[in-house]
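**Student:** Can you keep this structure in mind? I'll have questions shortly.
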Amino acid sequence: MKRISGDQASSTISTSSWRMAWIEYLTCIWALLFAVVHIYWVMGGTAGLVVPAGKTTVLAAGGPLLAIDIAAIPLCIIAGVIALALVQTWSRIIPRWIWLTTAWGAGVVLSLRALVGLIQDAIDIISHGTLDPMYAYDLWFLIGGLLFIVIAWRAGRR
C-alpha cells in the first residue's frame with residue numbers, strides 16, 4: 001500500500017473537490033460571462049445586441065434597456081457568488097438555507113424567463129414565420145436556469 005504525504009493528500013483532495021463541484025464552477029462562469037456581456041453593452045459594444053430602431057447602443061437607447069443592463073451586472077456577479085457559495089467554506093458565515101433559497105430562486109426565475117421567451121418565439125414562428133434574433137438569449141437563460149436548479153438540488157442533498 002502506497003502512503004500519501006500531506007502535500008499529496010491536499011492536492012488529491014483539491015482535485016477531488018474540483019471534480020465534485022465542476023457544475024457549481026460552471027454556473028459561476030455562466031453568471032460572470034453574462035455580467036461581462038452586460039458591461040460590454042453598457043460601455044457601447046454592439047455585438048449580439050438588439051436595440052430599438054434608430055439607436056445604435058444601449059447608452060443611445062437609454063430608458064429601460066439601459067436600466068436592465070445596469071441592474072443585470074451586479075445581479076450576475078451576485079449569481080456567481082451564490083454558485084460558488086454552495087461549495088466554498090467561506091459561505092458558512094451565512095446560513096446555508098439562504099444560499100439554497102437564492103440558488104433555487106435564481107433557477108426558477110431564469111427558467112421561467114426562458115420559458116416565456118421560448119413560448120413567444122414559437123408563437124412568432126407560427127404566426128409570422130419569423131424568429132426574433134433575441135431567441136438565443138432565451139436559450140442562454142434556460143441554460144442558466146437549469147444550471148442553478150441542478151446546483152441547488154445537489155447542495156440540498158449534501
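**Student:** Hey, what angle do you get for helix 22-42 against the long axis of the chain, alpha-carbon based, 0 to 90 degrees rounded to 10?
**Tutor:** The helix 22-42 is inclined about 30 degrees to the chain.
**Student:** Here's something else I'd like to know. Note down the nm distance, to one decimal, between modelled labels 7 Å out along Cα→Cβ at Arg113 and at Ile93.
**Tutor:** Result: 2.7 nm between the two label points.
**Student:** Taking only C-alpha pairs under 8 Å that are 6+ residues apart, what is the relative contact order of the range 29-133 in percent? Kindly include the intermediate steps, with their values, before the conclusion.
**Tutor:** Values: 67 pairs, mean separation 24.3, N = 105.
Relative contact order for the range 29-133 comes out at 23 percent.
**Student:** Over the range 6-157, one equal point on each Cα, no solvent: what is log10 I(q)/I(0) by the Debye formula at q = 0.14, 0.16, 0.17, 0.19 Å⁻¹?
**Tutor:** -0.78, -0.94, -1.02, -1.16
**Student:** I've got another one for you. Using unit Cβ charges (K, R positive; D, E negative) and no other charged atoms, how large, in debye to the nearest 20, is the dipole of the range 6-157 about its Cα centre? Walk me through the numbers on the way to the answer.
**Tutor:** Details: 7 positive and 7 negative charges, 100 e Å.
With Lys and Arg at +1 and Asp and Glu at -1, about 480 debye.
**Student:** If R₀ is 22 angstrom, what is the calculated FRET efficiency for the pair Gln120 and Ile29, using the beta carbon separation as r and rounding to 0.05? Don't skip to the answer; put the middle values down first.
**Tutor:** Values: r = 28 Å, r/R0 = 1.25.
That gives a FRET efficiency of 0.20.
**Student:** Ok, one more. Could you work out how far helix 63-85 tilts from the main Cα principal axis of the chain, as a 0 to 90 degree angle to the nearest 10?
**Tutor:** Helix 63-85 and the main axis of the chain meet at about 10 degrees.
**Student:** In whole angstrom, note down how far apart the Cα centers of the range 64-87 and the range 25-59 are.
**Tutor:** That distance is 13 Å.
**Student:** Mind checking the angle between helix 6-20 and the chain's longest principal axis? C-alpha axes, 0 to 90 degrees, to the nearest 10.
**Tutor:** 30
**Student:** Would you mind computing, in nm to one decimal, how far apart the modelled labels at Val36 and His128 are, each placed 7 Å from Cα along Cα→Cβ?
**Tutor:** Inter-label distance under the simple model: 3.2 nm.
We did not get these values from a lab; they are worked out from the coordinates using the rules stated. The structure displayed is predicted, hence computed values, not measured ones. Cβ: placed from backbone, ideal geometry, glycine included. Neighbour counts: every protein chain shown.
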